[in-house]
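All remarks here apply to the structure that follows.
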Amino acid sequence: MNKNTFTSIRLDKGTVAVYDFGAVKLHAYQTNDPLSDEVFVVEKSGKAVVIEPPCFLDNCRELEGYLKPLTVEGVLVAYHGAGASFLPNVPKYATQNAADYSANGGGNYLDMTAGFFFP
């Protein structure tokens with residue numbers, strides 16, 4: 001992948017870099033939020049999966065608008081659960097450890113992702 005070959009789409013707050021691989025596109029949404037978050041969306045045949053939702057409400061609204069032409073099939077929620085209210089009618093997926101952490105707090109990052117990112 002040539003990380004410098006993409007189409008840039010400027011939104012009101014953030015920017016989306018779209019990497020087109022033919023059958024699959026990667027949308028990298030740079031939120032321009034206080035944490036400098038980036039959200040990744042993988043698209044194929046008009047369907048998409050969001051990898052870690054944005055943390056802040058203004059970014060959630062902006063990305064929801066950007067994704068309207070696509071059918072979002074699911075959202076992979078980060079271990080900390082921030083942004084889990086994003087796209088309320090779309091299924092959310094997380095490890096059990098991540099769900100427990102989001103509900104109860106505590107633990108560390110590697111514990112939260114055990115069995116999902118690492119074998």
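Values in this text are rule-based calculations from the coordinates and carry no lab data. All values derive from a computational prediction rather than experimental measurement. Cβ coordinates were reconstructed from backbone atoms using ideal geometry, including for glycine residues, and neighbour counts include every protein chain displayed.
Values for this structure:
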item: All lysines inside 16 Å of K44 as judged from Cα atoms, apart from same-chain residues fewer than 8 positions distant; result: K25, K68
item: Simple label model, 7 Å out from Cα along Cβ direction - F40 to L26, nm; result: 0.6
